[in-house]
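Asks: Submitted below is the structure of interest, expressed as structure tokens.
Each value in this text was obtained by applying a stated rule to the coordinates, not by laboratory testing. Here the structure is a predicted model, which means the values were calculated and not measured. Reconstructed Cβ throughout: ideal geometry from the backbone, glycine too, with neighbour counts over all protein chains shown.
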Number of protein chains: 2
Amino acid sequence: MAETPTIRFGVIGCADIARKLSRAVTLAPNATLYAVGSRSLDKAQSFAAANGFPDGAKVYGSYEAVLDDPNVDAVYVPLPTSLHVRWAVLAAHKKKHVLLEKPVALNASEFDQIIEACESNGVQLMDGTMWMHHPRTASMKDFLSDAHRFGQLKSIHTCFTFAADADFLENDIRVKPDLDALGSLGDEGWYCIRAILWAANYELPKTVLALCKPELNQAGVILSCGATLYWEDGKVATFYCSFLSNLVMDITVVGTKGTLHVHDFIIPYEEKEASFYAATESGFDDLVTKWGSQPSKHIVKTDIPQEARMVSEFARLVADIKFNNCKPEKKWPTISRKTQLVLDAVKASIEKGFEPVQIQE
Amino acid sequence: MAETPTIRFGVIGCADIARKLSRAVTLAPNATLYAVGSRSLDKAQSFAAANGFPDGAKVYGSYEAVLDDPNVDAVYVPLPTSLHVRWAVLAAHKKKHVLLEKPVALNASEFDQIIEACESNGVQLMDGTMWMHHPRTASMKDFLSDAHRFGQLKSIHTCFTFAADADFLENDIRVKPDLDALGSLGDEGWYCIRAILWAANYELPKTVLALCKPELNQAGVILSCGATLYWEDGKVATFYCSFLSNLVMDITVVGTKGTLHVHDFIIPYEEKEASFYAATESGFDDLVTKWGSQPSKHIVKTDIPQEARMVSEFARLVADIKFNNCKPEKKWPTISRKTQLVLDAVKASIEKGFEPVQIQE
């Protein structure tokens, strides 16, 4: 058997999330940490030392230097959203494959520049939505796709909230209008919207209406918000996200015959296994005093955590391009763009004073 | 110790739900089945024989006869909503205490006639929302009221759906405009709205906005709908109800410090115990790869099912009035009325083409 080709990663920026991603690269069987760049060489050196970079890994005092290193196959971009278009486009022009943190851009038009740069340079683009790669997600999708167990999709509710501390609310990039201007919508709402689209087989809703009364900080950045989404066939979805509530990561999907519940969809409770609850044709006893059967708990194990599976899948696609003459997989940028389109619509609805916004592809 | 006074119940109408309630009367220590009336004497006789009525129970061929029986202390009214105002008012005038199925009326103005009749005749009024009386409900409230464990309330989501069969969708009173004209909103939405108000300490929302695209049958009765509710302080709630989806009975309540999840709030999975999930200050490990702690499962046992506890509480209040010169407890009609007010606002929002509706007490 041929040896698994190993893809060499460069990390540009030393954000907190890059620590998790670097560990994921070390856990992925087909990826290796090769370089890290920061605007501060000291910071890059400390980061490399603390995050499992091998001896001999390249440490650079700029992002450009990582992109100019001919041995770097792919870059991970954990930079603030406002910098995505600049650095992702530049990375693509330097023929680096791009693993891009979410939200992928400040709006779909910016993201289209990134897509164009990646397509014209033949590099893979994938966003960093880790839960998509957990085997649980595939198991849940099997359930939702089963006409006998789930039936036809009718409604979806998703919620992602966490209680940011005072330091976060003062200093985090996600509350800064010049860095992650989309705030809670861009950070948490991204996951809620992605989960809704995932459940709906990526069929875009026709209309989006933001919940009234989003909470904003003094700079106007969203701290909590939500929306209702409508499809032509009567499907409806709601979501809520907030930096100001206890940690919640819920998906509820209801079909004509079945129900799916999961309470830790973005970060599973445990690394090595995750569960969800599924029910089919639930009902009552004769006198309606108790349920006929309870939802069943499904446990899905994973040998490596979901973020390592993401890195591995991305590296597999990159290797196919590099060694097997394959084309980049369009699925990933396509669903990133759809997520961004809905996110843009929620933002537009808020800005229009909670008017419905039609989604156009 | 004095013997527990026993309250004699008359049931007017032989609806399916009256079977469950009759069993509950037999299980309540302070209540007894005394009479049943139907427009058909045969039907009343069969009902009494099949539902635990004691030998010698009175069986009448009309509702009036039950109300005219001087030994009946209280009546249970399971009739279609459109008949509530007529029969509940008449029962009150006959000095019968009234246990009234939900929705209590077609609108708050009708319900005000019932309240007025009960108040002026000094009889207790309570609606038949059984889950309010499960000891789990009190345990959950303890959690929501705990500033250390739950903090300040931020958002609520509730959902009650079930998959009605073809016979229901054709023939049930809940799809008939002349019987239960409020359809899914009146039947299922009632529970969703009550749960929201319960979580919000019965503080009415200021604004209600129905979800677009409710599903209606050919007669215009609601088969599925939902709404978003807003309070002045930024609290937000959403609910969804439907006759066209698999069985779901969810409450999710999120506070600044805690989270409550329950998936069988209206009818517990089992009769003798029920559970909920509570979490406080949930968080992650250092690398954000797993949760620090999982929500904890709380199991609450009950010696008799929630519907028997409801009957028992109602009978206790009736006995206090009858034997101890107490006044009727206003809490129950007050929360019934608030539930109806919100329900009316959702209906008004639908009828206005999904415009926001302000709630006025």
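Asks: May I ask what percent, to the nearest 5, of DSSP beta bridges between residues of the range A:228-361 are antiparallel?
Replies: Working: 18 of 19 bridges.
Bridges in the range A:228-361 are about 95 percent antiparallel.
Asks: Residues of B:285-298, mean number of Cβ from any other protein chain within 10 Å of their own Cβ, rounded to a whole number? Each step should come with its number before you reach the end.
Replies: On the way: counts 2, 3, 12, 7, 12, 9, 8, 2, 1, 4, 5, 0, 0, 0.
Taking all residues of B:285-298 together, the mean is 5.
Asks: Still on this structure, please answer the following. If the only charges are +1 at each Lys and Arg Cβ and -1 at each Asp and Glu Cβ, what is the size of the charge dipole of chain B around the Cα centre, to the nearest 20 debye?
Replies: Values: 37 positive and 45 negative charges, 107 e Å.
Charge dipole of chain B: 520 debye, to the nearest 20.
Asks: Of B:L33, B:L209, B:L247, which is the most mobile in a GNM of chain B whose springs link Cα atoms less than 10 angstrom apart?
Replies: Ranking B:L33, B:L209, B:L247 by mean-square fluctuation puts B:L247 first.
Asks: Next question, about the same structure. Taking 60 Å as R0, compute the FRET efficiency from the Cβ-Cβ separation of A:D233 and B:N324 and round it to 0.05.
Replies: Details: r = 58 Å, r/R0 = 0.97.
Here the calculated transfer efficiency is 0.55.
Asks: Work out the charge dipole of chain B with +1 on the Cβ of Lys and Arg and -1 on the Cβ of Asp and Glu about the Cα centre, then indicate which of B:L204, B:A147, B:A65 is farthest towards its positive end.
Replies: About the Cα centre, the residue reaching furthest to the positive side is B:A147.
Asks: Suppose every Lys and Arg Cβ carries +1 and every Asp and Glu Cβ carries -1, with no other charges. What dipole size does the range B:1-53 come out with about its Cα centre, to the nearest 20 debye? It would help to have the intermediate numbers written out before the result.
Replies: Numbers: 6 positive and 3 negative charges, 29 e Å.
The calculation lands at about 140 debye.
Asks: Rank the residues A:W332, A:W231 as a footprinting-exposure proxy: fewest other Cβ atoms within 10 Å of their Cβ go first.
Replies: Details: A:W332 20, A:W231 16.
Taking fewest neighbouring Cβ atoms as first place, the list is A:W231, A:W332.
Asks: To continue, here is another question. With respect to the axis carrying B onto A, what is the closest chain B residue by Cβ position, and how many angstrom separate it from the axis?
Replies: Whole-Å result, nearest residue of chain B to the axis: B:T238, 2.
Asks: A further question follows. Cα extents of the protein assembly as shown along the three principal axes, largest first, in whole Å?
Replies: 96, 46, 46
Asks: Pull out the extension gain between B:K141 and B:Y277, defined as 0.36 nm times the separation in residues minus the alpha carbon to alpha carbon distance; nm, one decimal. Write out the running numbers ahead of the final one.
Replies: Working: separation 136, 0.36 × 136 = 48.96 nm, distance 1.25 nm.
That pair, B:K141 and B:Y277, stretches by 47.7 nm at full extension.
Asks: Rank these for me by crowding, A:H97, A:H263, B:H93, going from fewest to most other beta carbons within 10 Å.
Replies: B:H93, A:H263, A:H97
Asks: Using the alpha-carbon atoms, what tilt in degrees (0 to 90, nearest 10) does helix B:16-27 show relative to the longest principal axis of chain B?
Replies: 80 degrees
Asks: Oh, and also: Taking a point 7 angstrom from the Cα of B:Q294 along the C-beta vector, which residues in the range A:246-283 have backbone N less than 12 Å away?
Replies: Only A:263-264, A:268-277 fall inside the zone, counting backbone N under 12 Å.
Asks: I want to check the label-to-label distance for A:A166 and B:E116. Put each point 7 Å from Cα in the C-beta direction and report it in nm to one decimal.
Replies: In this crude label model, A:A166 to B:E116 measures out at 5.5 nm.
Asks: Expressed in nm to one decimal, what extension gain is obtained for the pair B:D55 and B:K206 from 0.36 nm per residue of sequence separation less their Cα-Cα distance?
Replies: Values: separation 151, 0.36 × 151 = 54.36 nm, distance 5.21 nm.
Computed gain between B:D55 and B:K206 is 49.2 nm.
Asks: Continuing with the same structure: For the range B:114-198, calculate the relative contact order in percent as a whole number, restricting contacts to Cα pairs under 8 Å that are 6 or more residues apart.
Replies: Details: 38 pairs, mean separation 17.0, N = 85.
Relative CO of the range B:114-198 lands at 20 percent.
Asks: In Å, what Rg and Dmax follow from the Cα atoms of chain B?
Replies: Calculated on Cα positions, Rg and Dmax stand at 20.9, 72 Å.
Asks: Counting other beta carbons within 10 Å of each residue's own, what order do B:D69, B:D142, A:D167, A:D264 fall into, fewest first? Before the final figure, lay out each step's value.
Replies: Values: B:D69 18, B:D142 13, A:D167 8, A:D264 23.
The most exposed by this proxy come first: A:D167, B:D142, B:D69, A:D264.
Asks: Okay, next question. Indicate, rounded to the nearest 5 percent, the antiparallel portion of the DSSP beta bridges found entirely in the protein assembly as shown.
Replies: Details: 78 of 132 bridges.
So the antiparallel bridges in the protein assembly as shown amount to around 60 percent.
Asks: When the label point is put 7 Å from the Cα of B:A219 along its Cα-to-beta-carbon vector, which residues of the range B:131-173 have a backbone N closer than 11 Å?
Replies: Counting only backbone N, you get B:169-173.
Asks: Hey, rough spin-label estimate for A:T4 and B:H93, points 7 angstrom out along Cα→Cβ, what's it come to in nanometres?
Replies: Between A:T4 and B:H93, the label points sit 8.2 nm apart.
Asks: For B:S145, go 7 angstrom from Cα along the Cα-to-Cβ vector, then report the distances to that same point in the other copies in nm, smallest first.
Replies: 4.9
Asks: While we're here: Under Stokes-Einstein, with the Kirkwood radius over Cα pairs standing in for Rh, what whole-number D in µm²/s applies to the range B:126-262 at 37 °C and 0.692 mPa s? It would help to have the intermediate numbers written out before the result.
Replies: Working: Rh = 15.7 Å.
The diffusion coefficient I find is 209 µm²/s.
Asks: Tell me, how many Å apart are the Cα centres for the range B:164-226 and for the range A:267-323?
Replies: Measuring centre to centre over Cα atoms gives 32 Å.
Asks: Taking the Cα centre of the protein assembly as shown as origin, sum charge times position over the Cβ atoms of Lys and Arg (+1) and Asp and Glu (-1), and report the length of that vector in debye to the nearest 20.
Replies: Numbers: 74 positive and 90 negative charges, 56 e Å.
Value, rounded to 20: 260 debye.
Asks: For Cα pairs less than 8 Å apart in space and 6+ apart in sequence, what is the mean separation divided by the residue count of chain B, i.e. the relative contact order in percent?
Replies: Numbers: 794 pairs, mean separation 68.6, N = 361.
Relative contact order, chain B: 19 percent.
Asks: Work from the charge dipole of chain B (Cβ charges, +1 for Lys and Arg, -1 for Asp and Glu, about the Cα centre) and give the residue of B:A279, B:A166, B:I7 farthest towards its positive end.
Replies: The one lying farthest along the dipole's positive direction is B:I7.
Asks: While we're here: Suppose a student asked you for the relative contact order of the range A:1-155, using Cα pairs under 8 Å spaced at least 6 residues apart; what percent would you report?
Replies: On the way: 254 pairs, mean separation 28.0, N = 155.
With pairs under 8 Å counted, the relative contact order is 18 percent.
Asks: Also: Expected output is a single nm value to one decimal: the length gained when fully extending between B:K352 and B:L179, i.e. 0.36 nm times separation in residues minus the C-alpha distance. What is it? Walk me through the numbers on the way to the answer.
Replies: Working: separation 173, 0.36 × 173 = 62.28 nm, distance 2.28 nm.
So the extension gain works out to 60.0 nm.
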